Amino acid sequence: MQIRESFPFYSHNSSKSNPIYLDNAATTQKAAVVIDCINELWRNGSANVHRSSHSLANNLTRRYEDARLVCSHFINAKNKREIIWTSGATEAINLVANSWGMDNLTAGDEILISKMEHHANLIPWQQLCKIKGVSLKIIPITETAEIDLLALNSLLNSKVKLVAITHISNVLGTVNPIKEIIELCHKVGAIVLVDGAQAVAHIPVDVQQLDCDFYVFSGHKCFAPESTGVLYGKLNLLEAMSPWKTGGEMVKTVSFTSSNFQPAPLKFEAGTPNISGIIALSKALTFINSLDRKSLFEHEQYLTQLAKQKLLEINNIKLHSTAKQSSSIISFSINNINAMDLSALLDEQNIAIRSGQLCAMPLVRKLNNAGVLRVSFCFYNSTDEVIQFIETLKQSIAIAGG
Ligand SMILES: Cc1ncc(COP(=O)(O)O)c(C=O)c1O
């Protein structure tokens, strides 16, 4: 596969001994353009951004801000000031909870999240609700692993001030009808935060078309460095929000009694950011945009359908990923066999998949108290890898006594 040449994990000399990597929902392999960018930046000299005024620093500040422009084009934000760099989706959600949430919510208000949220889109709201006396309500899901839109409709009322929902479930793979959900929420005046951590590497995202108020994602799940991420927010919301973290570079004037903050986005970027990581993230986004995304998505869908079909041939299996609109994530359980034991057996055969609670304990506990298994494909995976996974899984089930 030609696309693999863009990933040193597959193309370097010792890649033959690398595992069959089917844990892409946890993190993706890094693109060559990303690795090259980090290498180039660190070799050519470090400097801090938005501070020093020497040429090296000015050059890096320009590249840091160019990266913001690239990112704004990538998700079709109206204005590059709507892009805030964070350390990932988790930090971006915490920022909204601690800034927008602290500023705008009062006792008696309600926040809605869905039953399929990652801990990152659950715990920040739990904490905020405790402090503010706000209720956290949960949108149920259907038997077919989809958001229950009727139930959502009945939960929506004028007390609901924020709905925080995942674009693609990291457990079920369900692609939620985000545009429709946003329209429903806006009717009652609620703002909507979309957790796009599992989306951006796989499907194009257009924040203006979705009309979401906030959209978050992590760099490491789209071929870029760890500890990089994005909070998109509509400019009017960001301008009205207080900073969450404070310190260097987010201020205009400071005295011992008070401080005056920079406008967004800098007021949300206190301290030295992950400069090289963010510039490299923009290379990953440019790389993604240079690909034939439609055919790569079709390839991922083909691999997913093939795997689902082969998995269903296995005795005593339960597929949890049953939604009609679904990405390349499949969770499943085998009756009476511990998920962790199976993933360890697969690992012994050099196949990397995920098992356990998948950072979504309330949902996974309902699916299988002891944890589930998850395979997640990316466009660089091959049909042979899917076949090998299925064969090895069958052998592992036999060893585990199934
Ligand atoms: C749906 C979803 N949201 C949020 C996160 C948190 O991402 P990060 O750990 O990169 O902040 C993840 C990570 O697995 C995820 O799958």
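Coordinate-derived values only; no laboratory data. Everything quoted here is computed from the prediction, not taken from an experiment. Note that each Cβ is placed from the backbone with ideal geometry, even for glycine, and that neighbours are counted across all protein chains shown.
Summary table
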{"quantity": "Charge sum, other residues only, whose C-beta stays under 13 Å from Leu342's C-beta, Lys/Arg counted +1 and Asp/Glu -1", "calculated": "0"}
{"quantity": "For the chain, share of DSSP beta bridges that run antiparallel, in % to the nearest 5", "calculated": "55"}
{"quantity": "Computed over the chain, Kirkwood Rh from alpha-carbon pairs, angstrom", "calculated": "22.2"}
{"quantity": "Contour minus Cα-Cα distance for Phe256 and Ile138 (0.36 nm per residue)", "calculated": "38.1 nm"}
{"quantity": "Cα convex hull of region 251-368, projected area averaged across orientations, nm²", "calculated": "13.3"}
{"quantity": "Protection proxy ranking, peptides 63-70, 325-332, average beta carbon neighbours within 10 Å, highest first", "calculated": "325-332, 63-70"}
{"quantity": "Of Arg43, Arg354, Arg293, the one that fluctuates the most in a GNM where the chain has Cα springs shorter than 10 Å", "calculated": "Arg43"}
{"quantity": "The chain: DSSP helices with Cα axial extent of at least 15 Å and average Kyte-Doolittle hydropathy no lower than -1.0", "calculated": "32-43, 55-74, 275-290, 383-399"}
{"quantity": "Residue with peak Gaussian network fluctuation, the chain [Cα springs, cutoff 10 Å], from Ala97, Ala47, Ala77", "calculated": "Ala47"}
{"quantity": "Value at 222 nm in deg cm²/dmol, rounded to 500, when DSSP H runs of n ≥ 4 in the chain each add -39,500 (n - 2.57)", "calculated": "-11000 deg cm²/dmol"}
{"quantity": "Relative contact order (percent, whole number), region 34-289, Cα cutoff 8 Å, 6+ residue spacing", "calculated": "25"}
{"quantity": "Diffusion coefficient, µm² s⁻¹, Stokes-Einstein with Kirkwood Rh over alpha-carbon pairs of region 56-173 at 20 °C and 1.002 mPa s", "calculated": "132"}
{"quantity": "Thr272-Gln126 FRET efficiency (beta carbon distance; Förster radius 25 Å; 0.05 resolution)", "calculated": "0.25"}
{"quantity": "Region 1-68 - percent relative contact order, Cα under 8 Å, separation 6 or more", "calculated": "20"}
{"quantity": "Most mobile listed residue (Asp195, Asp206, Asp292) in the chain, GNM with C-alpha springs under 10 Å", "calculated": "Asp292"}
{"quantity": "Share of pairwise Cα separations in region 300-402, more than 16 Å, in percent", "calculated": "54"}
